[in-house]
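These notes concern the structure reproduced below.
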Amino acid sequence: MPVSCPSHSPVMPSSAETPDPRTALLEGAAQAAISYLAEEDTRPVAPRPEALTALDALRAPLPEEPTSAKDVLHLLDTYGSPATVGKTGGRNFGFVNGGCLPAALAASWLVSTWDQNAAFFVQSPAAITMEEVALEWVRQLLGLPEETAGAVVTGATMANFTALAAARHALLERAGWNADDDGLFGAPPITVVVGAEAHASVAKTLGMLGMGRKRVVRVPVDGQGRMRADALPRLDERTILCLQAGNVNTGAFDPAAEICPIARAAGAWIHVDGAFGLWAAASPAYRWLTEGFEQADSWATDAHKWPNVGYDCGIAMVRDAAALRGAMSIQASYLALGDHREPSDYNPELSRRARGVELWAGLRSLGKKGMAEIVERTSRHAQRFADRLRAAGYEILNDVVVNQVLVSFGSAEKTLRTIARIQKDGTCWCGSTVWQGHTAMRISVSSWATSDDDVERSLAAMLRAAEG
């Protein structure tokens with residue numbers, strides 16, 4: 001017999017009648033995001049001082065009682081949005097920061113909604129499938145060997161870490177040493193060779209891997225920061241040679257076509273740090289800059305730079321899949337896995353965001369022509385900056401080969417004053433650097449959103465600041 005509910009018992013509405021509290025919250029978040037994007041053309045690139053001061057409102061102690069999600073969202077938008085650095089528009093030229101393509105942004109929202117752990121196929125068939133497809137697209141765009149395996153990680157630092165861990169594993173295995181089981185105490189020595197202007201993330205990676213930030217052989221570079229092939233030390237089968245595709249200051253590329261055959265003949269492992277520069281291979285007009293890099297053994301790059309996928313998304317590619325898997329694989333009794341490729345065996349993370357979905361979405365939206373167009377258009381913008389600033393009497397310190405420009409406004413003091421004025425003005429944002437003894441402003445044009453108008457507005461602000 002069915003039991004009737006007591007008359008005083010509340011009657012719960014059906015699920016169809018019950019509004020999901022998440023719906024209104026997500027609609028509010030969407031509206032806040034849409035409003036934020038609508039203001040990108042008028043908002044200063046650097047946050048105003050009062051917006052930074054207002055952040056103190058978020059420094060309250062953790063409350064005893066819960067806060068409604070609606071109120072949390074209000075706090076985020078009220079205090080967080082004004083204190084952000086403008087990256088969604090086209091006038092942020094600092095740190096080689098790309099923007100975020102609309103398709104990748106939308107995919108990021110969906111990825112957060114899915115809440116997938118992209119470690120194993122059984123946990124997210126969709127995420128792992130799209131990651132595999134995206135990695136193959138990357139391999140093709142960069143012109144890498146067919147047997148190359150890949151990993152989607154957080155950024156170029158972790159991509160360098162992943163690839164160089166595979167290099168360490170492979171070289172020590174050749175020498176009869178199992179670094180994964182026995183560690184590095186007593187291991188045969190590995191020599192690491194880098195250019196004198198190798199990126200700081202390579203040094204950090206070497207430190208994390210136990211190979212030493214300073215225990216490297218530095219090769220002299222030329223006047224553009226390119227490794228000199230005529231200054232290479234002796235290389236052998238226990239050498240890791242780190243090349244650079246896209247100097248972070250000048251955009252210059254090491255002469256891989258000249259160096260790689262020498263290194264391969266010696267049995268050295270060749271690694272390429274190409275956070276943004278490797279993507280030049282996607283452009284018929286700039287592909288020549290990457291000639292020879294396909295001969296390497298591993299490559300590290302960022303998808304949140306030129307591909308404009310959004311943060312965070314780095315990519316490690318390794319020619320020897322067994323070396324990558326040997327350095328990164330994980331085993332445990334509860335990991336009863338199938339025959340499918342498991343991302344957890346190819347990257348440092350176990351729990352990981354399904355960032356490969358955003359990579360897939362961004363690249364699918366661009367296609368081959370769109371990816372080439374980003375490289376070519378941003379490089380044209382960089383050349384425009386260089387030409388106008390040079391014509392105004394200021395010194396361009398580098399050969400502008402891709403999207404990087406170094407400009408001196410005179411003395412170090414004047415250059416730094418000019419940069420400070422530009423940053424305070426808010427029309428655009430550029431940072432300072434010291435390169436080969438020269439203090440300079442670095443202009444990194446990396447965003448799909450940068451238009452001709454953005455360049456003209458930014459040039460006007462730069463010239464005002466320099467003349468002030």
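The values are calculated or read from the model by the stated rules, or taken from the named source; none is laboratory data. These figures come from a predicted structure and were not determined experimentally. No Cβ is skipped: glycine too gets one built from the backbone with ideal geometry, and neighbour counts run over all protein chains shown.
Quick notes
- Meets criteria (in contact with a Gly (Cβ under 7 Å, 6 or more places away or on another chain) and either within 22 Å of MET211 (Cβ to Cβ) or at pLDDT 95 or above (or both)) for CYS260: yes
- Residues (part of a helix (DSSP H, G or I), among the hydrophobic types (A, V, I, L, M, F, W, C) and closer than 21 Å to ALA461 by Cβ) located in region 41-80: ALA51, LEU52
- For region 264-315, residues that are in contact with a His (Cβ under 8 Å, 6 or more places away or on another chain), more than 22 Å from ASN97 (Cα to Cα) and touching a residue at least 60 places away in the same chain (Cβ under 8 Å) total 2.
- Filtered by the rule that a residue be surrounded by fewer than 24 Cβ atoms within 10 Å (Cβ to Cβ) and polar (S, T, N, Q), region 399-424 gives SER408, SER411, THR415, GLN423.
- Residue pairs whose Cβ atoms lie under 9 Å apart, separated by 6 or more positions or on different chains, with the first residue in region 18-31 and surrounded by 10 or more Cβ atoms within 10 Å (Cβ to Cβ) and the second part of a helix (DSSP H, G or I) and among the basic types (Lys, Arg), are PRO21/LYS70; ALA24/LYS70; LEU25/LYS70; GLY28/LYS70.
- Count - residues of region 409-443 that are more than 17 Å from PHE385 (Cβ to Cβ) and in a loop (DSSP other than H, G, I, E, B): 5
- Failed criterion for ASP56 (all others in (1) farther than 15 Å from TRP429 by Cα; (2) surrounded by 12 or more Cβ atoms within 10 Å (Cβ to Cβ) hold): (2)
- Count of residues meeting criterion [out of contact with any Pro (no Cβ under 7 Å at 6 or more places or on another chain) and part of a helix (DSSP H, G or I)] in region 116-160: 20
- Evaluation of ASP254 against (1) among the acidic types (Asp, Glu); (2) surrounded by 24 or more Cβ atoms within 10 Å (Cβ to Cβ); (3) over 18 Å from GLY143 (Cβ atoms) (one fails), failing number: (3)
- When region 219-236 is filtered for residues that are more than 23 Å from LEU397 (Cα to Cα) and either among the charged types (D, E, K, R) or within 27 Å of the chain's Cα centre (by Cα) (or both), the ones remaining, listed by number, are ASP230, ARG234, ASP236.
- Members of region 115-125 found to be surrounded by 15 or more Cβ atoms within 10 Å (Cβ to Cβ) and either touching a helix residue (DSSP H, G or I) at 6+ places or on another chain (Cβ under 9 Å) or among the hydrophobic types (A, V, I, L, M, F, W, C) (or both), listed by number: GLN116, ASN117, ALA118, ALA119, PHE120, PHE121, SER124
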